[in-house]
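See structure below.
Just so it is clear, none of the values below were taken in a lab; they were calculated from the coordinates. Quick caveat: nothing in here was measured; it's all calculated off a predicted structure. All Cβ positions, glycine included, derive from the backbone under ideal geometry; neighbour counts span all protein chains shown.
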Amino acid sequence: MDDFARAAFREREAKKVIRRRAFWLHFAIWAATNVLLVVVWAVTGAGFPWFLFPLLGWGIGLVAHGVSAYLFADVDDVVLEREERRLRD
Amino acid sequence: MTRVFRPHELKQAVLEALDEHGPANGYALMQVLAERIGPTWRPSPGAVYPALLALEDLGLIGATKDGGGRSYHLEPPGRAAVARDTGTLDRVARRARSIERRTDVGTLLDRFATTHPSRRRRVDAGTEERIDAVLAGAAQEINAVMAEPEETP
């Protein structure tokens with residue numbers, strides 16, 4: 001593998017790491033916010049569980065973010081992964 | 001940020017760059033593209049290398065071992081593809097120039113004011129006057145710069 005290919009793999013890898021970290025940051029913010037909402041709900045009498053609405057609504061967005069961070073790859077990623085496998089074998 | 005390349009344009013641009021430059025390795029090709037397109041496009045092996053692999057897969061270019069690296073050259077179908085559609089590089093370069101980054105003068109002045117190392121120091125009236133004079137001179141020079149027409153490459 002030449003330097004250029006190595007640089008390309010490194011760059012893709014770094015982008016992937018950044019994409020995944022961004023997702024976990026999103027997850028942390030979602031979790032912290034919703035814990036706070038549950039606490040507010042609990043100390044105000046634990047009546048109708050209204051906290052579920054933001055939790056689930058935002059949860060859809062969070063799941064979508066997770067899918068794009070971990071499951072989706074663009075064409076370039078697929079091409080590079082295939083080349084990496086070919087070079088390894 | 002606006003994208004400089006539309007889908008498929010990078011591959012065509014790589015073919016054109018190979019046609020102009022002759023056989024080249026990845027870095028040399030990226031250099032050719034960067035020079036033609038200008039500073040708006042940040043060259044990256046992560047974008048160019050997959051394009052090279054795809055073109056190789058399609059049989060448009062070939063690669064030969066050259067020292068520690070690979071040298072790419074146009075194959076006949078690639079040459080035909082360049083002949084069919086020239087001008088992609090020019091088009092991309094034109095687009096890149098039109099989305100060139102522009103900055104407010106105020107942003108530059110703010111940056112100067114907020115990063116100058118002496119900004120927290122206190123001065124007496126005499127020094128204040130001298131600094132005011134320096135800034136008045138700078139303001140005049142900036143006016144002179146602003147009065148000149150901008151370079152349009």
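Under the combined filter of DSSP loop state and at most 11 neighbouring Cβ atoms within 10 Å, region A:43-89 retains these chymotrypsin sites (Phe, Trp or Tyr not before Pro): A:Phe72. Of the trypsin sites (Lys or Arg not before Pro) found in region B:1-43, the ones in coil according to DSSP and having at most 16 other Cβ atoms within 10 Å of their Cβ are B:Arg3. Summarising the amide proton neighbourhood of B:Val4: residues at separation of 5 or more, or on other chains, whose placed amide H is nearer than 5 Å comprise an empty set. Ellipticity at 222 nm from helices only: DSSP H runs of n ≥ 4 in chain A, each -39500 (n - 2.57), divided by the residue count, give -29500 deg cm²/dmol. Values of log10 I(q)/I(0) for region B:1-49 across q = 0.13, 0.15, 0.31 Å⁻¹ run -0.26, -0.35, -1.46, by the Debye formula with one identical scatterer at each alpha carbon and no solvent. Bridgeable aspartates and glutamates around A:Lys16 (alpha carbons under 14 Å apart, same-chain partners fewer than 8 residues away excluded): A:Asp74, A:Asp76, A:Asp77, A:Glu81.
Across region B:1-130, the convex hull enclosing all Cα atoms gives 166 Å³ per residue. Starting from the Cα gyration tensor of region B:105-147, take the square roots of the eigenvalues, sort them a ≥ b ≥ c, and report rounded, prolate or oblate (rounded when a/c is under 1.5, otherwise prolate if a/b is larger than b/c, else oblate). Oblate, since a/c reaches 1.5 and b/c is not below a/b. Multiplying each eigenvalue of the alpha-carbon gyration tensor of the protein assembly as shown by 5 and taking the square root yields semi-axes of 43, 38, 17 Å, largest first, rounded to whole angstroms. Taking the C-alpha atoms only, the angle from helix A:52-70 to the longest principal axis of chain A is near 10 degrees. Please identify the helices of chain B, taking whole runs of DSSP H, that span at least 27 Å along their own axis as judged from the Cα atoms and have a mean Kyte-Doolittle score of -1.0 or higher. Membrane-span-like by this rule: B:125-147. Per residue, the Cα convex hull of region A:3-88 amounts to 82 Å³. Taking B:Leu108, B:Leu29, B:Leu52 in turn, the Gaussian network model of chain B (Cα-Cα springs below 10 Å) assigns the largest fluctuation to B:Leu108. Largest mean-square fluctuation among B:Val14, B:Val134, B:Val82, in a Gaussian network model of chain B whose springs join Cα atoms under 10 Å apart, belongs to B:Val134.
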